[in-house]
Amino acid sequence: MSTPFYVSPQQAMADRAEYARKGIARGRSLVVLQYADGIVFVGENPSRALHKFSEIYDRIGFAAAGKYNEYENLRIGGVRYADLRGYTYDRDDVTARGLANVYAQTLGTIFSSAAEKPYEVELVVAEVGETPEGDQIYRLPHDGSIVDEHGSVAVGGNAEQIGSFLDQRHRDGMSLAEALRLAVQALSRDTNGSEREIPAERLEVAVLDRTRPQKRKFKRIVGRQLGRLLEAEGAGTEAETSEDE
Amino acid sequence: MDFLSEHQPELLPGKRQLPPTQGVLEAPHGTTIVAVTFPGGVVLAGDRRATMGNVIAQRDIEKVFPADEYSAVGIAGTAGLAVEMVKLFQLELEHFEKVEGAQLSLEGKANRLSTMIRSNLGMAMQGLAVVPLFAGYDLDRERGRIFSYDVTGGRSEEHNFAATGSGSVFARGAMKKLFRDDLTEEQATTLVVQALYDAADDDSATGGPDVARRIYPIITVITEDGFRRLTEDEASGLSRSVLQKRLEEPDGPKAALL
């Protein structure tokens with residue numbers, strides 16, 4: 001009988017982290033930014049049907065980079081958690097903090113369990129508040145830690161570079177069009193520093209808009225409305241709610 | 001729903017063991033709900049009274065709820081159970097929409113409600129029935145549609161107008177005489193107020209517009225643009241103009257004889 005090789009726990013964890021990081025880095029990046037009336041999610045996504053961003057609950061949105069089947073699984077789990085909680089107690093009792101905690105537990109357990117491969121995903125859970133100060137953005141890396149973010153956050157392949165680009169340029173109280181253009185600028189930067197064009201059809205954009213009269217603040221921005229926002233120079237950025245949800 | 005029944009079955013209506021009861025269990029009951037279609041949408045409205053035997057249990061109960069963006073449900077029957085059923089129904093439609101990324105078809109929603117009513121059959125046989133009226137705008141067929149139910153969950157689509165609850169007989173009679181194919185949205189809302197007035201006129205369990213307490217029927221309109229509930233001012237305006245006319249003609253507008 002052969003003796004199994006001894007692998008130190010540090011080495012085992014480092015290997016797993018390396019594996020997950022590589023998986024995440026293969027996917028396209030996405031960014032989440034605060035703007036005056038809420039939070040905007042922007043990412044490059046050639047598919048119209050397989051979303052990277054989605055609604056979890058009234059004020060809570062979800063963004064994910066990495067492996068589709070793994071984050072889709074987590075997304076549905078999140079929707080279930082939120083709906084069950086809201087039904088058992090009250091709609092106000094569903095918070096991004098609670099949801100982020102559940103995700104952190106799940107990711108952490110999977111990451112450290114030797115029986116499973118670590119999930120190759122990085123999540124962002126965002127909740128829009130009544131005021132910009134009430135906005136919450138949590139980033140959840142593959143290992144189950146939680147990072148409380150402010151202003152802007154980038155996850156996925158080229159996250160570090162995009163993140164520092166955004167940190168330098170993002171400011172509070174941007175309009176939606178400004179934030180959107182900044183996000184697209186950030187996403188068009190390649191690893192080697194060169195820029196490339198991302199056409200509007202390849203962009204997936206969604207907002208959590210605190211000014212929406214409905215309880216559910218999540219809304220996708222598609223088609224002509226997206227084109228208008230990308231072209232708009234500063235003023236006249238009021239998002240219309242006439243488009244389908 | 002399947003998830004709920006696996007994880008927290010105690011949250012589901014219709015899973016409860018009931019002790020045997022003798023006689024009728026006293027619980028607040030909601031009364032009359034009416035619906036009428038018009039070109040471009042559908043109107044669903046309900047009175048505000050809940051009764052418990054011969055006592056008025058609540059004067060300002062709300063019995064018409066949005067189910068989602070394009071449909072609404074009005075409830076007659078045991079108020080407590082009905083409100084819970086609506087809450088679960090709303091949750092389920094929203095949950096489906098979020099998980100699947102698309103809304104259920106109107107037909108699908110109506111079927112789902114049917115199953116929920118059927119699961120309440122045990123309670124219904126003990127006198128705690130829930131009989132809703134479901135109305136919505138069908139985005140595929142581009143028109144408003146109404147579905148009515150019986151206590152066993154039997155579903156039937158109603159054309160033009162429908163009513164449920166204790167005052168429904170009188171409301172239906174009124175609507176039969178007032179309905180026509182080319183109603184505008186405003187005429188349709190007036191029609192439901194007339195019908196509810198007639199129901200309240202002849203059924204003691206249905207409440208009429210209460211001017212002194214400013215309690216008016218809940219009127220909702222569903223069109224291509226989605227669900228809208230008439231504001232307090234709009235509802236009071238409609239009710240007052242109907243009341244005004246009734247001061248001259250207590251029995252309401254007269255239909256042609258032939």
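Nearest 0.05, what FRET efficiency do A:Val147 and B:Ser119 give at R0 = 60 Å with Cβ-Cβ as r? Display every interim value, and only then the final one.
Working: r = 44 Å, r/R0 = 0.74.
That pair, A:Val147 with B:Ser119, gives E of 0.85.
Shown here are the Rg and Dmax of the Cα trace of segment A:141-197, at 12.3, 34 Å.
With a Förster radius of 56 Å applied to the C-beta separation of A:Arg26 and B:Glu62, the computed FRET efficiency comes to 0.60.
What size of dipole, in debye to the nearest 20, comes out for the protein assembly as shown about its Cα centre when the only charges are +1 on Lys and Arg C-beta atoms and -1 on Asp and Glu C-beta atoms? Walk me through the intermediate numbers first.
Working: 58 positive and 77 negative charges, 142 e Å.
In debye, rounded to 20, the protein assembly as shown gives about 680.
Just in segment B:180-214: which trypsin sites (Lys or Arg not before Pro) are loop by DSSP and have at most 10 other Cβ atoms within 10 Å? Provide the component values of the computation, followed by the final result.
Details: sites: B:Arg180, B:Arg213, B:Arg214; in loops: B:Arg180, B:Arg213, B:Arg214.
Passing both the DSSP loop test and the Cβ count: B:Arg180, B:Arg213.
Here segment A:39-70 and segment B:184-215 have alpha carbon centers that stand 47 Å from each other.
Counting other C-beta atoms within 10 Å, which of B:Val192, A:Val102 has the fewest, and how do the rest follow?
Values: B:Val192 28, A:Val102 16.
Going from least to most buried by this count: A:Val102, B:Val192.
Largest GNM mean-square fluctuation among B:Asp138, B:Asp60, B:Asp233, using chain B with Cα springs under 10 Å: B:Asp233.
Along the axis of the charge dipole computed for the protein assembly as shown (Cβ charges of +1 for Lys and Arg, -1 for Asp and Glu, origin at the Cα centre), the listed residues A:Asn158, A:Gly108, A:Gln185 are led at the positive end by A:Gly108.
Partner aspartates and glutamates whose Cα lies under 12 Å from the Cα of A:Lys67, excluding those fewer than 8 positions away in the same chain, are identified as A:Glu120, A:Glu122.
In a simple Cβ point-charge model (Lys, Arg +1; Asp, Glu -1; nothing else charged), segment B:29-248 has a dipole of about 640 debye relative to its Cα centre. Placing unit charges on the Cβ atoms of the charged side chains and taking the dipole of segment A:65-224 about its Cα centre, the candidate lying farthest along the positive direction among A:Val222, A:Tyr87, A:His142 is A:Val222.
Neighbour counts of C-beta atoms inside 10 Å place A:Val205, A:Val42 in the sequence A:Val205, A:Val42, starting with the fewest. May I ask you to list the GluC sites (Glu not before Pro) in segment B:68-175 that are in a DSSP loop and have at most 15 other Cβ atoms within 10 Å of their Cβ? Hits after loop and neighbour filter: B:Glu142. Entry note, chain B: relative contact order of 25 percent, from Cα contacts under 8 Å with a spacing of 6+ residues. With one equal scatterer per alpha carbon and no solvent term, the Debye-computed log10 I(q)/I(0) for segment A:1-130 at 0.14, 0.16, 0.20 1/Å reads -0.71, -0.87, -1.20. Pairs exceeding a 31 Å alpha-carbon distance, out of A:Lys219/B:Lys109; A:Lys22/A:Lys215; A:Lys117/A:Lys215; B:Lys176/B:Lys245; B:Lys63/B:Lys254: A:Lys22/A:Lys215; A:Lys117/A:Lys215.
Arrange the following residues from fewest to most other Cβ atoms within 10 Å of their Cβ: B:Met52, B:Met116. Intermediate results must be reported in sequence, preceding the final value.
On the way: B:Met52 13, B:Met116 22.
Fewest-to-most Cβ neighbours within 10 Å comes out as B:Met52, B:Met116.
Between the beta carbons of B:Ser204 and A:Glu201, assuming R0 = 45 Å, the FRET efficiency works out to 0.10 to the nearest 0.05. When chain B is treated as a GNM, springs tying every alpha-carbon pair under 10 Å, which of B:Leu139, B:Leu247, B:Leu93 comes out with the largest mean-square fluctuation? Its mean-square fluctuation being the largest, the pick is B:Leu247. Length, then width, then depth: along the principal axes, the Cα atoms of the protein assembly as shown run 90, 65, 38 Å. Placing one equal scatterer on every Cα of chain A and applying the Debye formula, the log10 ratio I(q)/I(0) at q = 0.13 Å⁻¹ is -0.78. Can you pull the percent of Cα pairs in chain B with separation above 28 Å? Pairs farther apart than 28 Å: 32 percent. Using the rule -39500 (n - 2.57) for each DSSP H run of four or more residues, divided by the residues of the protein assembly as shown, the 222 nm mean residue ellipticity is -11500 deg cm²/dmol.
Could you size up the charge dipole of segment A:23-231 around its Cα centre, putting +1 on the beta carbon of Lys and Arg and -1 on that of Asp and Glu, and report it in debye to the nearest 20?
On the way: 28 positive and 31 negative charges, 127 e Å.
In debye, rounded to 20, segment A:23-231 gives about 600.
The residue list B:Leu113, B:Val99, B:Ser71 was ranked by how far each Cα lies along the charge dipole of chain B toward its positive end, using unit charges on Cβ atoms, and B:Leu113 comes out on top. Each of B:Glu185 and A:Glu116 was given a label point 7 Å from its Cα along the Cα-to-Cβ line. The distance between the two points is 4.9 nm.
Where a number appears in this text, it was derived from the coordinates with a stated rule and is not lab data. Quick caveat, the model's predicted, so the values are computed rather than measured. In this analysis, Cβ positions are derived from the backbone assuming ideal geometry, glycine residues included, and neighbour counts consider all displayed protein chains.
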